[in-house]
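**Q** Below you will find the structure I want to go over with you.
The values are calculated or read from the model by the stated rules, or taken from the named source; none is laboratory data. What you see is a predicted model; the values in this text were computed from it and never measured. Cβ: placed from backbone, ideal geometry, glycine included. Neighbour counts: every protein chain shown.
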């Protein structure tokens, strides 16, 4: 019989090494190997061998009586694809204090109001603390079951015995299995505990939501397999110092992965933001150098985001390049294109580019708005406050078409913008005129800069 032995496990990728190394050879992360005790795998018994049952014809499998549970939070239900699927495992990730626990506590409250049984398992708070937080959010605690437990086997037994319609485990990094000689939150503990809870969700047809912490790089802490074993992975994004939060699906077996939900953090909890008209841009704008609005597409929704740029002469050494909310690599490319194609000498200037409101805009459609904002700040010439710009900028200085250009321009016209600069390549996708909005089609970056001049 194989004996237990010590191994060194990478806390980033889960790779195992026979001895300690300063750098993981699999993922390249430094100082990530931690010593753990490896237990030999037990042979599967008869019960495990028969757990799967006999093969069935897929068409004869009985569908669930209630395929999806509506939480009563429209933004959350839309991101999930219409609600919580029976027997699914959903992983919620996000920065500390972003609102993960608050959102799921409000979801439990919404389901409780429909007469459904919900169970909230907390490993980070006592039940007294949980009640105080629930009362601050205005949640009726009389219809909500709560459990303070960190033993994974005990948590699974309580969920199986209670048979709730929806269960939450807060958080997956806090629960542990005593037989694994590793600290809670380690790769081995997170992997085994998550696998146990996912198996329970499938076997008992109980949807379970797992809350996960994130690393400094923004990824969910623990092995990458954690995101593979669950059905849905949702990330809660946003600056904790701003009020708006974005809920984004990066994996969803039962719905789209390009939808977002927008929430506003208030003293009474998270409130849905149905109309994004004033979420990330102010309608009372004035002509200011370095400020341009871009119509973005997030899922099936169009929203306007203000992109700001500040260009100033560098006083010391190498000029700085600071980017917040946009792709840093694309901004670096835009600066090179502006210097080469628009003859703007930016090599001895500090450049700061920011997407207002803490939102992250990673699509190439924001290239043109960022380029115009940088050029406007460099020349200290303001652009029109009612200008919106969209388009992808190529290395040759050409402005390429973007997807759903008509929906973007329609949203800009609805919110009162008067002028839009759009790629000529997108002219075929425009369906008629947009009342009150003048659309100027451009083919090059030089044409766009000229069209943006007041």
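**Q** Just one of 276, 247 is touching a helix residue (DSSP H, G or I) at 6+ places or on another chain (Cβ under 9 Å), surrounded by 15 or more Cβ atoms within 10 Å (Cβ to Cβ), at pLDDT below 85 and closer than 30 Å to residue 416 by Cβ; which is it? So that I can check it myself, show each step before the final result.
**A** Details: 247 fails: at pLDDT below 85.
The match here is 276.
**Q** Has segment 315-328 got at least one residue that is closer than 19 Å to residue 379 by Cβ, out of contact with any helix residue (DSSP H, G or I) (no Cβ under 8 Å at 6 or more places or on another chain) and surrounded by fewer than 16 Cβ atoms within 10 Å (Cβ to Cβ)?
**A** For segment 315-328, residues closer than 19 Å to residue 379 by Cβ, out of contact with any helix residue (DSSP H, G or I) (no Cβ under 8 Å at 6 or more places or on another chain) and surrounded by fewer than 16 Cβ atoms within 10 Å (Cβ to Cβ): absent.
**Q** Does at least one position in segment 381-399 carry a residue that is under 24 Å from the mean Cα position of the chain (by Cα), assigned to a helix (DSSP H, G or I) and without any contact (Cβ under 8 Å) to a residue 60 or more places away in the chain?
**A** no
Conditions tested, residue by residue: (1) in a loop (DSSP other than H, G, I, E, B); (2) more than 26 Å from the chain's Cα centre (by Cα); (3) at pLDDT 85 or above; (4) farther than 19 Å from residue 198 by Cβ.
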position	(1), (2), (3), (4)
6	no, yes, no, yes
21	yes, yes, yes, yes
35	no, yes, no, yes
53	yes, yes, no, no
59	no, yes, yes, yes
64	yes, yes, no, no
78	no, no, yes, yes
104	no, no, yes, no
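**Q** Of the numbered conditions (1) at pLDDT below 95; (2) outside any strand (DSSP E or B), residue 303 fails exactly one; give the number of that condition.
**A** Single failed check for residue 303: (2).
**Q** Of the conditions (1) modelled with pLDDT under 95; (2) out of contact with any helix residue (DSSP H, G or I) (no Cβ under 6 Å at 6 or more places or on another chain), residue 90 fails just one. Which one is it?
**A** Among (1) modelled with pLDDT under 95; (2) out of contact with any helix residue (DSSP H, G or I) (no Cβ under 6 Å at 6 or more places or on another chain), residue 90 violates only (1).
One line per residue, one yes/no per condition, for (1) out of contact with any strand residue (DSSP E or B) (no Cβ under 8 Å at 6 or more places or on another chain); (2) surrounded by 18 or more Cβ atoms within 10 Å (Cβ to Cβ):
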position: 395; (1), (2): yes, no
position: 402; (1), (2): no, yes
position: 407; (1), (2): no, no
position: 414; (1), (2): yes, no
position: 418; (1), (2): no, no
position: 421; (1), (2): no, yes
position: 436; (1), (2): yes, no
position: 443; (1), (2): no, no
position: 454; (1), (2): yes, no
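**Q** A further question on this structure: Determine, yes or no, whether residue 332 is in contact with a helix residue (DSSP H, G or I) (Cβ under 8 Å, 6 or more places away or on another chain), over 29 Å from residue 212 (Cβ atoms) and either assigned to a strand (DSSP E or B) or assigned by TED's automatic domain parsing to the domain that holds residue 411 (or both). Steps first, answer last, please.
**A** Details: in contact with a helix residue (DSSP H, G or I) (Cβ under 8 Å, 6 or more places away or on another chain): no; over 29 Å from residue 212 (Cβ atoms): yes; either assigned to a strand (DSSP E or B) or assigned by TED's automatic domain parsing to the domain that holds residue 411 (or both): yes.
Answer is no for this residue.
**Q** Which members of segment 268-300 meet the condition of being part of a loop (DSSP other than H, G, I, E, B), without any contact (Cβ under 8 Å) to a residue 40 or more places away in the chain and under 30 Å from residue 107 (Cβ atoms)? If you could, list the steps in order and put the result at the bottom.
**A** Kept after step one, since they are part of a loop (DSSP other than H, G, I, E, B), are these residues of segment 268-300: 268, 273-290, 299-300.
Now drop any that are not without any contact (Cβ under 8 Å) to a residue 40 or more places away in the chain, which leaves 275-276, 278, 282, 284.
Hits for segment 268-300 are 275, 276, 278.
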